[in-house]
1. Among helices (runs of 4 or more DSSP H) lying entirely in region 23-100, which contain 3 or more residues that are touching a residue at least 40 places away in the same chain (Cβ under 8 Å) and under 26 Å from Arg219 (Cα atoms)?
2. Residues in region 181-200 that are surrounded by 20 or more Cβ atoms within 10 Å (Cβ to Cβ) and small (Gly, Ala, Ser): how many?
3. Which of the residues that make up region 169-195 are modelled with pLDDT under 85 and closer than 16 Å to His99 by Cβ?
4. Restricting the first residue to region 154-167 and requiring it to be in contact (Cβ under 8 Å) with a residue 40 or more places away in the chain and within 17 Å of Val121 (Cβ to Cβ), which pairs with a second residue that is among the small types (Gly, Ala, Ser) and assigned to a loop (DSSP other than H, G, I, E, B) meet a Cβ separation below 6 Å and a spacing of at least six or different chains?
5. For region 29-51, name all the residues that are within 16 Å of the chain's Cα centre (by Cα) and either aliphatic (A, V, I, L, M) or in the same structural domain as Glu179 (by TED's automatic domain parsing) (or both).
6. Against the definition (in the same structural domain as Glu108 (by TED's automatic domain parsing), surrounded by 18 or more Cβ atoms within 10 Å (Cβ to Cβ), within 16 Å of Val121 (Cα to Cα) and in contact (Cβ under 8 Å) with a residue 60 or more places away in the chain), how does Leu218 come out, yes or no?
7. Of the residues in region 101-118, how many are assigned to a loop (DSSP other than H, G, I, E, B) and free of Cβ contacts under 8 Å to residues at least 40 places away in the same chain?
Amino acid sequence: MAVKRKNGGAMAGFVRPPGKGCASLVDRVYDRILLRIVRGELGGGAELKSTRLARDLGVSRTPVVQALQRLEADGIVVHEVNRRAVVRPGAENWLMEVHRLRELLEPEAAAMAATRIGDEVVAGLRALGERARPGRRGWALAAREFDYALHLAIAEHCGNMPLAEAIRRCWGFKRASYEAGREDPAWLARGHEQHMAILDALARRDPQTALAAAQFHLRSAASFRPAEKIV
């Protein structure tokens, strides 16, 4: 679904969540290795041998090598002097720390977006939100789509390119979080209510309320962890 901005460009924030259906093989291997690190199955300093990982994951060595290169670029994996790939100490906290970064970035972005986001974009988000109302057919999947669309629309319309890119990078890890977590209907319903509060503030062009609503939502999400060290 693409919603046109008033300046004619497509709003990049309206995307489907990167789940299994649209994730590449390298994406899936990346997520599975990251989750093994987060869960403590591969602790800090653990050597990551591509042949062994390929065997454990039931894939060829090529996507494993590519996933390890991405993990290194993200700072989760490091290469020692002898070129061995090892888990960086402290990487087991990666997903929690990414969420903490979101808490620092996204409320301010929401305040900035409140004065910039267009009416057509707000209308498109509201249509997604209505489809995601608890009790409607397929609402759980729609709630996830609304989640992505709202947060990435805030990034797209905050008016600060580095800030937007940082938020998009953080959201790249949501696929792993969804892979690891459970979708509790009560939490999804609470999240939908909070998302609608953020959207209402954006629609009213109310920066302070948008900031407060985004801050409350992110802190609330951190208090409800579907698994240890995963947000």
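1. 25-38
2. Matching residues across region 181-200 total 1.
3. Within region 169-195, Lys174, Arg175, Ala176, Ser177, Tyr178, Glu179, Ala180, Gly181 meet the criteria.
4. Close Cβ pairs satisfying both conditions: Glu156/Ala12; Glu156/Gly13.
5. Answer for region 29-51, where residues must be within 16 Å of the chain's Cα centre (by Cα) and either aliphatic (A, V, I, L, M) or in the same structural domain as Glu179 (by TED's automatic domain parsing) (or both): Leu34, Leu35, Val38.
6. No.
7. 0
The values are calculated or read from the model by the stated rules, or taken from the named source; none is laboratory data. Treat the numbers as computed from the prediction; the structure is a model and nothing was measured. Positions of Cβ are generated from backbone atoms using ideal geometry, with glycine treated the same way; all protein chains shown enter the neighbour counts.
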